[in-house]
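The values are calculated or read from the model by the stated rules, or taken from the named source; none is laboratory data. Quick caveat: nothing in here was measured; it's all calculated off a predicted structure. When we count neighbours, we look across all protein chains shown, and the Cβ atoms used for this are built from the backbone with ideal geometry, even at glycine. To get the accessible areas, we keep the full protein, side chains included, count just its heavy atoms, and leave off ligands, DNA and RNA. Shrake-Rupley method; radii C 1.70, N 1.55, O 1.52, S 1.80 Å.
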Amino acid sequence: MTAAPAGSRRPRVARSAPDPGHFWKVVRQFATGVSVVTTGRGVSAHGATVTSFTFISHDPPLVSVCLKEGSVLLDLIGPRGSFTVNMLSSEQTALARHFADRRRRPGAAQFDGVPWRPSPEGTPLLADAVGWLRCRVWRRMRAGDHELILARVTSVADGMGRPLLYFGGRLHPAAIEDAP
């Protein structure tokens, strides 16, 4: 075991369940990408901002998203079994806020003024994202007040730009170097 560098803080290990406020403060220190998950088509189209999207496996190609129990998006994905992950660019902060706003208009009206095109299945693909993943639900599991969805990626497309990040409860245009 290596000694901690001088001046570093020693982690405090909880002996019981963490205080919910402290737990939330700590997990918000993990930077993550921001995506809008879309499903449905026509008047039943819906999207929501999601920061709990993760790559899982190359073979088979799997990703996961966590959605709040009772959310409109989760209720719509259920019977359809498919959705699109639109990975937002650093230029799409307003779009992330729009799809996170619980007061936005429901259904297809929430896409008014938002540049998008339909996927072959009709699901909205948001313009100018850094990437798009079309997904089919593979497994679902209840996880506390959320549901974890494991999905097989059925098609991909890449865009341009740098990703939008979420850190410390705020959106941050990516301050990272372009990948080689």
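Taking Cα pairs under 8 Å and at least six residues apart, what relative contact order does region 40-180 come out at, in percent?
In percent, rounded to a whole number, it is 29.
Test of understanding: what is the full-extension gain from PHE167 to THR32, defined as 0.36 nm times their sequence separation minus their Cα-Cα distance?
That pair, PHE167 and THR32, stretches by 47.9 nm at full extension.
Would you tally the net charge around ARG140, using a Cβ to Cβ cut-off of less than 14 Å, leaving ARG140 out, and scoring K and R as +1, D and E as -1?
Once positives and negatives cancel, what remains is +3.
Less than 12 Å Cβ to Cβ from TYR166, Lys/Arg counted +1 and Asp/Glu -1: what total charge do the surrounding residues give?
+3
If you place +1 on the Cβ of every Lys and Arg and -1 on the Cβ of every Asp and Glu, how big does the dipole about the Cα centre of the chain come out, in debye to the nearest 20?
On the way: 23 positive and 14 negative charges, 128 e Å.
Charge dipole, the chain, about its Cα centre: 620 debye, nearest 20.
Quick one: with all protein chains in place, what share of the accessible area of region 93-180 is carbon or sulfur, to the nearest percent (1.4 Å probe)?
56
In region 25-39, which residues have a backbone nitrogen under 16 Å from the label point lying 7 Å from VAL137's Cα in the Cα-to-Cβ direction?
Zone members listed by number: 37-39.
Could you compute the net charge surrounding LEU62? Neighbours are other residues with a C-beta less than 14 Å from the C-beta of LEU62; K and R count +1, D and E count -1.
+4
If the viscosity is 1.306 mPa s and the temperature 10 °C, what Stokes-Einstein diffusion coefficient in µm²/s follows for the chain when Rh is the Kirkwood radius over Cα pairs?
After rounding, the answer is 90 µm²/s.
With the other protein chains left in place, how much accessible area per residue, in square angstrom, belongs to the chain at a 1.4 angstrom probe?
64
Show the residues, 5+ positions off or on another chain, whose built amide H is closer than 5 Å to the amide H of ILE56.
For ILE56, whose amide H was placed from the backbone, the distant partners under 5 Å are LEU62, VAL63, SER64.
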